[in-house]
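As structure tokens, the structure follows; a few thoughts come after it.
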Amino acid sequence: MFKKSVGILVYYWPPCGGSGVQRWLRFSNNLCELGWDVHVFTFDNPQSPIKDKSLLKLINPKIKISKIKGFEVPLFLKNNSKEESYTFKSSSFIEYFKTIVRELFFFPDTRKFLIQPSTKHIIKYIKKNKIKYLITSGPPHSMHYIGYYIKRKIQIKWITDFRDPWTNFFQNRMINRFKFTFKRHLHSESKILNNCDSVFMASKSLNILRKKSKKYLYIPSGFDEFIESNNHKKFRILYSGSMKFIQNPEKLWIVLDEMLNSHIDFKKSLEVLLIGSIDKKILMSKNFLKIKKYCSLYPYLSKEKLDYEISISQLLLVSSVNMPKVNDVITGKFFHYLSSRKKILGFANKGSDLENIIRNTNSGKCFDYDTTQELKEFIQNCFNNYSDKISNDRKFCKKYLSTRITKDIENHLLSI
């Protein structure tokens, strides 16, 4: 009898926190419920800036977890969003030096030293447990290199999961400064895509993956359960996740300042909650400083606490990347927002995946980074509804329930 068995290699796994962790936590749980024998490969002590022990309670006890030991590069050589503000010249020089060291000596990323021990560990484990499928999730893209070497040595159906782009990812464009590095990443990306059996994409517009891979499937991160609404005495705008300077929704700060100065009721009611690592350049920018006293900042909240804060908010802010031709980034927190009935306020390039999914789900409104008047009208309309005690809540979107998405994953695996 055919045994539905799958190995899933992820660098981030509970107690690591963040939306990237929850993607395969959800799908692994759902695959177990569909009768799959699920084996998760992860690491003894992954260097994650976010910890959320509450996620440990969500792991299906049927999942078999195998932890791999290996050398980890010291944290000071890795990207640290708290240090990326470049506020001072000294820190700017240090960050520049770190990026050059990473670019020249750590390829494809700082987890390169995990490739060899992981390959050896997983091959031995797969042979012992007779696993048919292996899914590698990146970034970090070293995880895909592990899958590549395993595929070369044993018979396995190997699927790569791209939560983010590789060569075209905006962070790679910012970090990698040499042409030969870009070519090296491009070559490696092609090698991975040409040798895997299939590709999962977290964004529809990852066209390069479609062109290079025979089989692919769009796998949005989705969500597990709905967040019910609760009452709150303030008109709250909530943001969750890291926000780099290139994600700065500057027009939002400008519009809020204008409304605060012209609308006494708005001034009494506004509350902005920012949860996560916010770039210091944003926090020190003149437009943000004008509304700073209406803002509260928290470094991180557990999923359970975040769910409650979402439930009492009026608008949920998501901001993509303000760079030309970057249209393929949909953060995991968007789907977390989608699990509520709250309206989503998005910022992204015109024609981006984020704009399209907000429109198609009728979950709110997305603006480009230069729009002011329409943005102001949207916020004003939402505030008017709040003042008149008319709910801004929308219908639940069931299309992106993780249980539905996991059935697509199952059907795709069985077709390979």
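Could you rank D279, D265 by how accessible they are, 1.4 Å probe, largest area first?
Working: D279 10, D265 80 Å².
Ranking D279, D265 by accessible area, largest first, yields D265, D279.
In debye, nearest 20: dipole of the chain around its Cα centre with unit charges on the Cβ of K, R (+) and D, E (-)?
On the way: 72 positive and 37 negative charges, 305 e Å.
Using only the charged Cβ atoms, the result is roughly 1460 debye.
Within the range 312-343, find all residues whose amide N lies under 17 Å from a label point positioned 7 Å from the Cα of S296 along Cα-to-beta-carbon.
Correct set: 312-317.
Ignoring solvent entirely, what values of log10 I(q)/I(0) come out of the Debye formula for the range 349-397 at 0.19 Å⁻¹ when each Cα is a single scatterer?
Computed log10 I(q)/I(0) values: -0.73.
Among all the aspartates and glutamates, which ones have a C-alpha under 18 Å from K305's C-alpha, if same-chain residues fewer than 8 places away are not counted?
Of all the aspartates and glutamates, those that pass the test against K305 - Cα under 18 Å, at least 8 places apart if same chain - are D52, D224, E225, E228, E271.
Please work out the FRET efficiency for the pair T403 and L56, using the Cβ-Cβ distance as r and a Förster radius of 25 Å; give the result to the nearest 0.05.
Details: r = 21 Å, r/R0 = 0.85.
Working from the Cβ atoms, E equals 0.75.
In whole Å and largest first, what semi-axes does the C-alpha gyration tensor of the chain yield when each eigenvalue is scaled by 5 and square-rooted?
Details: eigenvalues 277, 128, 71 Å².
The three semi-axes for the chain are 37, 25, 19 Å.
Counting only the heavy atoms of the protein chains, how much of C382 is accessible to a 1.4 Å probe, in Å² to the nearest 10?
0 Å²
May I ask for the Rg/Rh ratio of the range 376-416, computed from Cα atoms with Rh as the Kirkwood radius, given to two decimals? Working shown, then result.
Working: Rg = 19.0 Å, Rh = 13.4 Å.
Taking Rg over the Kirkwood Rh, I get 1.42.
Among K233/K389; K215/K325; K151/K215; K267/K293, which pairs are too far apart, with a Cα-Cα distance over 19 Å?
Details: K233/K389 11 Å; K215/K325 25 Å; K151/K215 16 Å; K267/K293 11 Å.
Cα-Cα > 19 Å for K215/K325; rest within.
Would you mind pulling out the separation of the Cα centroids of the range 392-416 and the range 1-47, in Å?
17 Å
Which cross-chain or sequence-distant (5 or more) residues have an amide H under 5 Å from the amide H of D37, H modelled 1.01 Å from N in plane?
Placed amide hydrogens put K4, S5, V6 under 5 Å from D37.
Separation between the D393 and T361 pseudo-spin-labels, each 7 Å from Cα along Cα→Cβ, expressed in nm?
Result for the modelled spin labels: 1.7 nm.
Provide the FRET efficiency to the nearest 0.05 for the K127-K350 pair, computing r from the beta carbons and using R0 = 56 Å.
In this case the efficiency is close to 0.65.
In deg cm²/dmol, rounded to 500, what helix-only [θ] at 222 nm does the chain give when every DSSP H run of at least 4 residues adds -39500 (n - 2.57) and the total is split over its residues?
Working: 16 runs with 168 residues, N = 416.
Computed mean residue ellipticity for the chain: -12000 deg cm²/dmol.
Viscosity 0.890 mPa s, temperature 25 °C: give me the Stokes-Einstein translational D for the range 13-68 in µm²/s, with Rh taken as the Kirkwood radius over C-alpha pairs.
Working: Rh = 11.6 Å.
Translational D for this selection: 212 µm²/s.
Set the Förster distance to 45 Å, then compute FRET efficiency between H412 and I264 from the Cβ-Cβ distance, nearest 0.05.
Details: r = 56 Å, r/R0 = 1.23.
About 0.20, to the nearest 0.05.
Going by amide H atoms built from the backbone, whose H comes under 5 Å of the H on I65, apart from near neighbours?
Long-range HN contacts for I65: V40.
Over the chain, give the accessible area per residue in Å² for a 1.4 Å probe, as an integer. If you can, show how the numbers build up before the last one.
Values: 19650 Å² over 416 residues.
Solvent-accessible surface per residue comes out at 47 Å².
Rounded, prolate or oblate, given the Cα gyration tensor of the range 179-324, with a/c below 1.5 counting as rounded? Walk me through the numbers before you get to the answer.
Numbers: a/c = 3.04, a/b = 1.84, b/c = 1.65.
It comes out prolate by the Cα gyration axes.
Report the accessible area of E271, computed with a 1.4 Å probe over the heavy atoms of all protein chains in place, in Å² rounded to the nearest 10.
Ignoring ligands and nucleic acids, E271 comes out at about 40 Å².
Let's see if you can work this out: charge +1 on each Lys and Arg Cβ, -1 on each Asp and Glu Cβ, no other charges. What is the dipole magnitude of the range 327-379 about its Cα centre, in debye to the nearest 20? If you can, show how the numbers build up before the last one.
Details: 8 positive and 7 negative charges, 74 e Å.
Dipole magnitude for the range 327-379 comes out near 360 debye.
What are the semi-axes of the equivalent ellipsoid for the range 307-362, taken as the square roots of 5 times the Cα gyration tensor eigenvalues, largest first, in whole Å?
Values: eigenvalues 91, 23, 16 Å².
Its equivalent ellipsoid spans semi-axes of 21, 11, 9 Å.
In the chain, what percent of the accessible surface is made up of carbon and sulfur (1.4 Å probe, ligands and nucleic acids excluded)?
Values: 10320 of 19650 Å².
That fraction is 53 percent.
Expressed in nm², what is the orientationally averaged projection area of the convex hull enclosing the Cα positions of the range 279-416?
11.0 nm²
With a 1.4 Å probe and all protein chains kept in place, how do H39, H412, H232 rank by accessible area, largest first? Walk me through the numbers on the way to the answer.
On the way: H39 0, H412 25, H232 55 Å².
Sorted descending by solvent-accessible area, the residues read H232, H412, H39.
Would you pull out the residues with amide H under 5 Å of I275's amide H, same chain only if 5 or more places away, H placed 1.01 Å from N?
Y239, S240, G241, Y298
The values are calculated or read from the model by the stated rules, or taken from the named source; none is laboratory data. All of these numbers come straight from a predicted model, not from anything done at the bench. Every residue, glycine as well, gets a Cβ built from its backbone with ideal geometry; the counts of neighbours run over all protein chains shown. When the accessible area is computed, the model is the full protein with side chains, heavy atoms only, and any ligands, DNA or RNA have been set aside. Shrake-Rupley method; radii C 1.70, N 1.55, O 1.52, S 1.80 Å.
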